[in-house]
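Shown next, in structure tokens, is the structure this report addresses.
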Amino acid sequence: MIRKAGPFRLFMGVLVAILAASIVITSTMGAIGVSLQDAYAVLTHHLFGMPLPEALAAGGPVEKVVWSLRFPRIILGVVAGAGLALAGVVMQASVQNTLAEPYILGISSGASCGATCAIMLGAGAVHVVGVSSVPLFSFIGSTIATVGVLLLASTGGHMTSSKLVLSGMILNALFTALSNFIITIAANAEGMMDLKFWTMGSLARASWGNVGVSVVVVLLVSVFFLTQFRSLNV
């Protein structure tokens, strides 16, 4: 294990360096041109308290574009990617099948179906504790899909990884068909735009509030599964 620690740490260090460089470079991309030096100056100013150059006034357009608009999108993308990677690893370890992931197991289709119901049937306008009901419906849909996969795979009294994957593929097709049926009968043009934004995914509406919630959730889930690594590493 000692021999493997060195290369692993070096590998992780290289990945972190690449991630940091990509964050700075991505901060320069967009409709408004920002130089690499200006993006680096704004990020180091907010993250490490470094002074801003005289050409970059505090609260100026460049600072707002980099820090308030682009940086939240970048961080939210990183956090979302980390969460999806974690979900995939945990599912593959739990099911013991390298094909297992939220899409094949039908969980993503269930979540999408729940969001489709909320948006196309008008329930998305309802807010629960100040939060849109669309994520709630999506969570309910994914939960129903998960329970359905487990029940279907346990038919016959013996659950195997192959049966889980096949059951997920069946429910994936079922929820996809149901979503398309709801879209057809609803005939909601405005809802179609919101549904496209929800299902295809976008970082355009990212804010520091979204980033904070996402970071907390992913960190808590990551810590939990790190404590369960012995049972998952089979």
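The values are calculated or read from the model by the stated rules, or taken from the named source; none is laboratory data. These numbers were taken from a predicted model, which means no experiment stands behind them. Every residue, glycine among them, receives a Cβ derived from its backbone with ideal geometry; neighbour counts consider all protein chains shown.
So here's what we get for this one:
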read-out	value
Residues within region 88-111 that are over 17 Å from Gly201 (Cα atoms) and part of a helix (DSSP H, G or I), tallied	8
Any hit, region 60-75, residues being within 30 Å of Phe229 (Cα to Cα) and surrounded by 11 or more Cβ atoms within 10 Å (Cβ to Cβ)	yes
Single residue of Gly209, Gly168 found to be closer than 15 Å to Ser94 by Cβ and under 22 Å from the mean Cα position of the chain (by Cα)	Gly168
Some residue of region 16-26 being in a helix (DSSP H, G or I), under 19 Å from Trp208 (Cβ atoms), touching a helix residue (DSSP H, G or I) at 6+ places or on another chain (Cβ under 9 Å) and among the small types (Gly, Ala, Ser)	no
The one condition in (1) surrounded by 13 or more Cβ atoms within 10 Å (Cβ to Cβ); (2) part of a helix (DSSP H, G or I); (3) at pLDDT below 90 that Val221 fails to fulfil	(3)
The listed residue being among the aliphatic types (A, V, I, L, M) and touching a residue at least 24 places away in the same chain (Cβ under 8 Å), out of Leu220, Leu203	Leu203
Per-region count, region 18-55, residues surrounded by fewer than 15 Cβ atoms within 10 Å (Cβ to Cβ), at pLDDT 90 or above and either in contact with an Asp or Glu (Cβ under 9 Å, 6 or more places away or on another chain) or acidic (Asp, Glu) (or both)	0
Candidates Ser214, Ser161, filtered to the one that is buried (at least 18 other Cβ atoms within 10 Å of the Cβ) and within 22 Å of Leu86 (Cβ to Cβ)	Ser214
